[in-house]
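Below is one structure, written out as structure tokens, with a few remarks after it.
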Amino acid sequence: MYTVVPEKQRIFRNFFDQINIVLAEKIAALVPAVRYPTAIKTPSCQKAYIHSMNQRVAKVIPSRSPPPYQLSYGQFLIMIYQTTVSTSLAVIIAAAFPLKASAEDLNINFTGTIPSVVKINSTSPGPIQNTPEQEFQSDDPTPAILNITHTTGIVLSITNITDNGTVLSGSKTYNDLDLINAKVKDGDNLLIQSEISPSGRSTPVYPLNVASAVQAAVTSGKEYPVYLEITNISGLLPQGIYKIRVSVLITPQ
């Protein structure tokens, strides 16, 4: 309970705290458009306004509240000052502590396709047959054919020459063969050749893994003939079925 002695203008502790709460909730709803700095200009207007507010307070405060009291001019000014300071502090605090923006992450996916620049369209097996000399080779009219489409320049190389199931008569095997030579051509133009000696009795002149000159790009299939030649230094080639594999590497440039 709060006590006010109007004639001595004495205010007990926390009296204006109660006045601020009551007036903020009750009077603001009744006179929301009042602006203190412009509505009260002279002492006579101020007294009239205080009297009007006292009448409103008497109506809105319930009957169980303390006995009606009158606001003096000094009390009214103190109330206005406290309300103004509270409002100013609220604005300053709101400005000093803005809302924090929360961080968010996202994923961006990239996709793409790199088309093949080299396409092997087809290969044909290379028949090999005997010749009057001590050779067993694929004749020029019947080489193996490598058909390639390449939209960029390429180089070719022979990376290996291996046994693919050769069966010879007697005690002879693939490792008894003295020299095997493979060639890749462009028409009659020799691009690359390599050779090996399974028996070790011959010294290869053209090693494996040597790249050809760069071949120009083509927009449609181009044929590259592949030739094979088998030679025996010590005598005739042994009878049997010869199966030999030539590995060709095509490298885009």
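Test each condition in (1) modelled with pLDDT of 95 or more; (2) more than 13 Å from Thr231 (Cβ to Cβ) for Ser197 and report the one that comes out false.
For Ser197, the exception is condition (2).
When the range 168-226 is examined, which residues are found to be open to solvent by 60 Å² or more (accessible area, probe 1.4 Å) and charged (D, E, K, R)?
Within the range 168-226, Lys172, Asp188, Arg201, Glu223 meet the criteria.
Just to be sure I understand, how many residues within the range 144-186 are hydroxyl-bearing (Ser, Thr, Tyr) and closer than 21 Å to Tyr227 by Cα?
Quick first cut of the range 144-186, residues hydroxyl-bearing (Ser, Thr, Tyr) only: 149, 151-152, 157, 159, 162, 166, 169, 171, 173-174.
Right, trim to closer than 21 Å to Tyr227 by Cα and you get 149, 157, 159, 162, 166, 174.
Selection size over the range 144-186: 6.
Filter the range 160-179 down to the residues that are in a helix (DSSP H, G or I) and polar (S, T, N, Q) and list them by number. Walk me through it before giving the result.
Looking only at the range 160-179, we keep the residues that are in a helix (DSSP H, G or I), and these are 174-176.
Asn175, the sole residue that qualifies.
So, in the range 143-167, exactly how many residues are under 17 Å from Pro125 (Cβ atoms), small (Gly, Ala, Ser) and either surrounded by 15 or more Cβ atoms within 10 Å (Cβ to Cβ) or touching a His at 6+ places or on another chain (Cβ under 9 Å) (or both)?
Qualifying residue count, the range 143-167: 1.
With respect to the numbered conditions (1) part of a strand (DSSP E or B); (2) open to solvent by less than 50 Å² (accessible area, probe 1.4 Å), which one is the sole condition not fulfilled by Gly235?
(1)
Mind listing whichever residues of the range 238-247 are at pLDDT 90 or above, assigned to a loop (DSSP other than H, G, I, E, B) and buried (at least 17 other Cβ atoms within 10 Å of the Cβ)?
Listed by number, the list holds a single entry, Tyr242.
Within the set of pairs 6+ apart or on separate chains, which have a first residue in the range 221-238 that is under 9 Å from Asn147 (Cα atoms), a second that is part of a loop (DSSP other than H, G, I, E, B), and C-beta atoms under 7 Å apart?
Going by the 7 Å Cβ cut-off, the qualifying pairs are Pro225/Pro143.
Given the residues Arg245, Arg201, which is the only one that is over 20 Å from Gly126 (Cβ atoms), in contact (Cβ under 8 Å) with a residue 24 or more places away in the chain and not aliphatic (A, V, I, L, M)?
Details: Arg245 fails: over 20 Å from Gly126 (Cβ atoms).
Matching residue, one of Arg245, Arg201: Arg201.
The values are calculated or read from the model by the stated rules, or taken from the named source; none is laboratory data. Bear in mind the structure is a predicted one, so any value in this text is a computation, not a measurement. All Cβ positions, glycine included, derive from the backbone under ideal geometry; neighbour counts span all protein chains shown. Note: areas computed on protein heavy atoms with side chains; ligands, DNA, RNA excluded. Shrake-Rupley method; radii C 1.70, N 1.55, O 1.52, S 1.80 Å.
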